[in-house]
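See below for the structure under consideration.
The values are calculated or read from the model by the stated rules, or taken from the named source; none is laboratory data. Just so it is clear, the model here is predicted, and its values are computed rather than measured. Note that we place each Cβ from the backbone using ideal geometry, even for glycine, and neighbour counts take in every protein chain shown. Areas reflect the complete protein model, heavy atoms only, side chains present, ligands, DNA and RNA absent. Shrake-Rupley method; radii C 1.70, N 1.55, O 1.52, S 1.80 Å.
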Amino acid sequence: MLTKKQHQLLLFIRDRMARDGVAPSFDEMKEALDLQSKSGIHRLIMALEERGFLRRLPHRARALEVIKLPDNMPERPTAPDRAGFTPNVITGNFSGAMAGASVKASQTSETIELPLYGKIAAGTPIEALRSPSDHVGVPGALLGSGDHYALTIEGDSMVDAGIHDGDTVIIKKCDTADNGAIVVALVDNEEATLKRLRRKGESIALEPANKSYETRIFGPDRVRVQGKLVGLMRRY
């Protein structure tokens, strides 16, 4: 039997991983559960581990795996848990040059060839990506519906979100994103970068997941959403 807070945290982690592909940070968990300190989150995670509901993966930042759910918890999230975030939506203009692979329900058991648009900075933004340099095979079951494409990560500014230099990220093409989503952002129509998106008043913040990097803040007309993170592949 889980306590109310343990149940809430497990549900929050499960839904955020389903939405973003990575576990939420301790700060996000603390905010979502309205706790005063991250030590309370640490104790909850340890309790969930001891009861066999969660597993922390070694040598990886923010790497959690939901092993099982309580009997009274639905197997699939009915809606993403937005606790702790203001549901503002930022619109963008996805360039037609970055056409992705559209996945239909009948394709989910097949391997889908996604266009690989070279490298994208998870650090200082690099030149916007314009044409695919290669293709990468991805199981259709991992994609869901919609158009997708792949990018190779360059840099370490998103390591605390479990995204490392050399990883291949799977991006769902879209031109809107909620606060807190990890997105491909096009800055000033010239530079593309992978960051967590935040709205701060009339400004847009592109937030790293590495304390060595600073959050960059732009006017609303300078940032366009090019897609959001839905998956990650890594070679060892």
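Hey, among L232, L206, which residue is at pLDDT below 90 and part of a strand (DSSP E or B)? Please lay out each step first, then the result.
Details: L206 fails: at pLDDT below 90.
After ruling out the rest, the residue left standing is L232.
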The correct count of residues that are open to solvent by 80 Å² or more (accessible area, probe 1.4 Å) and closer than 23 Å to D160 by Cα in segment 214-227 is 3
Residue count, segment 19-43, condition surrounded by fewer than 21 Cβ atoms within 10 Å (Cβ to Cβ), modelled with pLDDT of 80 or more and of a type outside the set (D, E, K, R), comes to 9
By residue number, the members of segment 145-202 that are basic (K, R) and not in a loop (DSSP other than H, G, I, E, B) are K172, K195, R196, R198, R199, K200
Matching residues in segment 46-69 (open to solvent by less than 30 Å² (accessible area, probe 1.4 Å), at pLDDT below 85 and part of a helix (DSSP H, G or I)) number 1
Checklist entry - Going by the conditions given, is G180 in contact with a Pro (Cβ under 9 Å, 6 or more places away or on another chain), open to solvent by less than 10 Å² (accessible area, probe 1.4 Å) and not acidic (D, E)? => result yes
Considering residues that are in a helix (DSSP H, G or I), of a type in the set (A, V, I, L, M, F, W, C) and more than 23 Å from L229 (Cα to Cα), the number found within segment 1-45 is 4
Flagged in segment 191-204 as touching a strand residue (DSSP E or B) at 6+ places or on another chain (Cβ under 6 Å) and buried (at least 17 other Cβ atoms within 10 Å of the Cβ), in numbering order, are A192, T193, L194, K195, R196, L197, R198, I204
